[in-house]
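The values are calculated or read from the model by the stated rules, or taken from the named source; none is laboratory data. Computed from a predicted structure; not experimentally measured. Ideal geometry is used to build each Cβ from the backbone, glycine not excepted, and the neighbour counts take in all protein chains shown. Just so you know, the surface numbers come from the protein's heavy atoms only, side chains and all, with ligands and any DNA or RNA stripped out. Shrake-Rupley method; radii C 1.70, N 1.55, O 1.52, S 1.80 Å.
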Amino acid sequence: MKVSLFITCLSDAIYPRVGEAMVRLLAAHGVRLHFPPVQTCCGQPSYNSGYWDETRVAAKTILEAFDDSDFVVCPSGSCTYMIHHYPELFADEPEWLEKAKRLEAKAYEFTQFLVQVLGITDVGAHFPHKVTYHPSCHGSRLLGVKDEPMALLSAVKGLEFVPLPFSEDCCGFGGTFAIKMSDISGAMVTEKVDHIKETDAEVLVGLDMACLMNIAGNLRYRNEPVRVMHLAELLYEGVQTG
């Protein structure tokens with residue numbers, strides 16, 4: 001079984017520790033992740049901005065990079081769901097359409113792969129902290145990733161989970177939305193951080209570094225001492241200390 005890591009732009013360029021945590025966690029369960037170096041952006045920024053021709057160029061690179069993989073694992077629900085748009089992009093190109101359908105069927109967000117494919121909910125982690133969880137929009141609403149992160153968090157020894165009020169509200173990032181409508185985006189993330197403060201959590205965890213980066217920026221601006229982590233990071237740190 002060849003399992004490949006689709007690292008995504010943010011995790012590759014800004015948060016490589018997320019990819020490292022995924023690689024080490026999965027290796028502990030007998031899964032050696034391959035990393036096709038030719039992989040690039042999934043094309044979501046250009047797709048959402050209406051530049052579909054440019055998106056096809058990026059998408060073809062992704063399709064070729066992972067064509068021989070049995071599974072593709074990604075630390076972002078947003079980028080994982082972008083792959084679900086590929087069949088639409090190549091509706092008039094039969095050869096690429098077939099590749100797009102194959103990739104869509106074998107691409108999984110990190111917690112999906114752990115729980116649905118490997119059947120793992122307890123990685124043996126110990127994390128004695130008060131934690132709340134932000135469900136990112138694409139992952140929870142479009143991919144349907146809801147139960148998987150909760151199952152993994154509930155199995156972490158010592159972890160005190162506190163539900164986040166209005167958790168399904170968007171954090172305000174939305175890619176280019178945060179730039180084009182910055183005032184609205186800023187108000188949304190401020191409201192999100194207000195709710196995080198209500199939980200008195202020490203740690204905010206999530207599945208998408210774009211959203212977590214946005215929230216972390218507002219927390220730092222307000223001098224709030226809440227640690228922000230991808231779930232893969234939390235689990236791996238918990239395994240090391242457990």
Only one of (1) under 27 Å from V156 (Cα atoms); (2) open to solvent by less than 10 Å² (accessible area, probe 1.4 Å); (3) touching a Leu at 6+ places or on another chain (Cβ under 7 Å) is not met by T121, so which one is it? (2)
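Report the residue count in the stretch 228-242 for those that are β-branched (V, I, T) and either open to solvent by 50 Å² or more (accessible area, probe 1.4 Å) or part of a helix (DSSP H, G or I) (or both). Before the answer, list the steps.
Step one: list which residues in the stretch 228-242 are β-branched (V, I, T), which gives 228, 239, 241.
Now restrict to residues that are either open to solvent by 50 Å² or more (accessible area, probe 1.4 Å) or part of a helix (DSSP H, G or I) (or both): 239, 241.
Summing the residues that are β-branched (V, I, T) and either open to solvent by 50 Å² or more (accessible area, probe 1.4 Å) or part of a helix (DSSP H, G or I) (or both) in the stretch 228-242 gives 2.
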Write out, first by first residue and then by second, each pair whose Cβ atoms fall under 6 Å of each other, whose residues are 6+ apart or on separate chains, and whose first residue, in the stretch 11-35, is more than 20 Å from M1 (Cβ to Cβ) while the second is among the aliphatic types (A, V, I, L, M). S11/V18; S11/M209; Y15/M209; V18/A232; A21/A232
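Across the stretch 212-226, which residue is nearest to the chain's Cα centre (by Cα) among those that are open to solvent by 10 Å² or more (accessible area, probe 1.4 Å) and touching a residue at least 40 places away in the same chain (Cβ under 8 Å)? Give the steps one after another, and end with the answer.
Filtering the stretch 212-226 down to residues open to solvent by 10 Å² or more (accessible area, probe 1.4 Å) leaves 213-214, 216-218, 220-226.
Of the ones still in play, those that are also touching a residue at least 40 places away in the same chain (Cβ under 8 Å) are 213-214.
Working: M213: 12, N214: 14 Å.
If we take residues in the stretch 212-226 being open to solvent by 10 Å² or more (accessible area, probe 1.4 Å) and touching a residue at least 40 places away in the same chain (Cβ under 8 Å), then M213 is nearest to the chain's Cα centre (by Cα).
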Do we have K60 as surrounded by fewer than 18 Cβ atoms within 10 Å (Cβ to Cβ) and more than 20 Å from P135 (Cα to Cα) here? no
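When the stretch 82-95 is examined, which residues are found to be open to solvent by less than 40 Å² (accessible area, probe 1.4 Å) and in contact (Cβ under 8 Å) with a residue 24 or more places away in the chain? Working first, answer last.
So the first thing to find is which residues in the stretch 82-95 are open to solvent by less than 40 Å² (accessible area, probe 1.4 Å), and the list is 82-83, 86-87, 89-90.
Hits for the stretch 82-95 are M82, I83, Y86, L89, F90.
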Selection within the stretch 181-200 - in contact with a Phe, Trp or Tyr (Cβ under 9 Å, 6 or more places away or on another chain) and under 20 Å from L159 (Cβ atoms): H195
Subset of the stretch 36-56 [open to solvent by 20 Å² or more (accessible area, probe 1.4 Å), touching a residue at least 12 places away in the same chain (Cβ under 8 Å) and outside any loop (DSSP other than H, G, I, E, B)]: Q44, P45, S46, Y47, N48, W52, R56
Would you check which residues across the stretch 67-81 are farther than 19 Å from P149 by Cα and either without any contact (Cβ under 8 Å) to a residue 24 or more places away in the chain or in contact with a Phe, Trp or Tyr (Cβ under 7 Å, 6 or more places away or on another chain) (or both) and list them? F71
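When the residues of the stretch 124-156 are filtered to those that are among the charged types (D, E, K, R) and not in a loop (DSSP other than H, G, I, E, B), which remaining residue is least open to solvent (accessible area, probe 1.4 Å)?
Quick first cut of the stretch 124-156, residues among the charged types (D, E, K, R) only: 130, 141, 146-148.
Adding the requirement that they be not in a loop (DSSP other than H, G, I, E, B) leaves 130, 141, 147-148.
Working: K130: 50, R141: 139, D147: 121, E148: 18 Å².
It comes out as E148.
Okay, residues lined up against (1) over 14 Å from Y86 (Cβ atoms); (2) at pLDDT below 95; (3) under 17 Å from the mean Cα position of the chain (by Cα):
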position: S11; (1), (2), (3): yes, no, yes
position: Y15; (1), (2), (3): yes, no, yes
position: V18; (1), (2), (3): yes, no, yes
position: L26; (1), (2), (3): yes, no, yes
position: G30; (1), (2), (3): yes, no, no
position: V38; (1), (2), (3): yes, no, no
position: C41; (1), (2), (3): no, no, yes
position: S49; (1), (2), (3): yes, yes, no
position: R56; (1), (2), (3): no, no, no
